[in-house]
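What follows is calculated from the coordinates using simple rules that are stated; it is not laboratory data. Keep in mind the model is a prediction, meaning the values are calculated, not measured. Methodologically, a virtual Cβ is constructed for each residue, glycine included, from the backbone with ideal geometry; neighbour enumeration extends over all protein chains shown.
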Amino acid sequence: MSKLARHLVYWSVAAVGVAVALIYYRFNPAEVGFFPVCYFRKFTGLHCAGCGGQRALHQLLHGNFREAFRNNALLVLALPYLSLGFVLDMRNFLRGHGQMPAVYRRWEIIVAIFVVICLFWILRNVPVEPFSYLAPVE
């Protein structure tokens, strides 16, 4: 892929990211109905690992870290890791390198992340304290 094509991809991804951030900044998913619903929640009544993520993103964009954490603690804790991964990936992509840093591609790390997501998914549905605090604010 040419350098120009790489830059177009990077700037396109950045533009889409800014557009999505502006939409989530302007509209509160708890108050407007055009955001996607969680079908897992709709059909089972249980919270998935991503439930509350849209509301958490809205709250984060408004600087309400406590509310964001109450809606989806895993998303708030994972955002720095995900953001760094995106920045490193784009840096490597623009330079023409194909691999992510080892911390983002080692199978042990990937399995650990999968286990954390599954544990969060399970524990946020346990209806006793302290696990009930992991469920998103309704």
So, over other residues within a Cβ distance under 12 Å of Asn71, counting Lys, Arg +1 and Asp, Glu -1, the net charge is +2
Given charges of +1 on the Cβ of Lys and Arg and -1 on the Cβ of Asp and Glu, with all other atoms neutral, how large is the dipole of the stretch 59-138 about its Cα centre, in debye to the nearest 20?
300 debye
Expressed as a whole-number percentage, the relative contact order of the chain with C-alpha contacts under 8 angstrom and at least six residues apart is 25 percent
Determine the principal axes of the Cα atoms in the stretch 3-134, then give the extent along each, sorted from largest to smallest and rounded to whole angstroms.
52, 38, 28
Pick from Asn28, Asn72, Asn92: which residue has the top mean-square fluctuation in a GNM of the chain where Cα pairs under 10 Å get a spring?
Asn92
From the backbone phi of the stretch 41-58, what are the Karplus-calculated ³J(HN,Hα) couplings (6.51 cos²θ - 1.76 cosθ + 1.60, θ = phi - 60°) in whole Hz, Gly and Pro given as x?
5, 4, 8, 10, x, 9, 8, 8, 5, x, 4, x, x, 5, 5, 5, 4, 4
Within the chain, helix-based [θ] at 222 nm, where runs of 4 or more DSSP H residues each add -39,500 (n - 2.57), nearest 500
-20000 deg cm²/dmol
Under a Gaussian network model of the chain whose springs join Cα atoms within less than 10 Å, the largest fluctuation of His47, His97, His58 belongs to His97
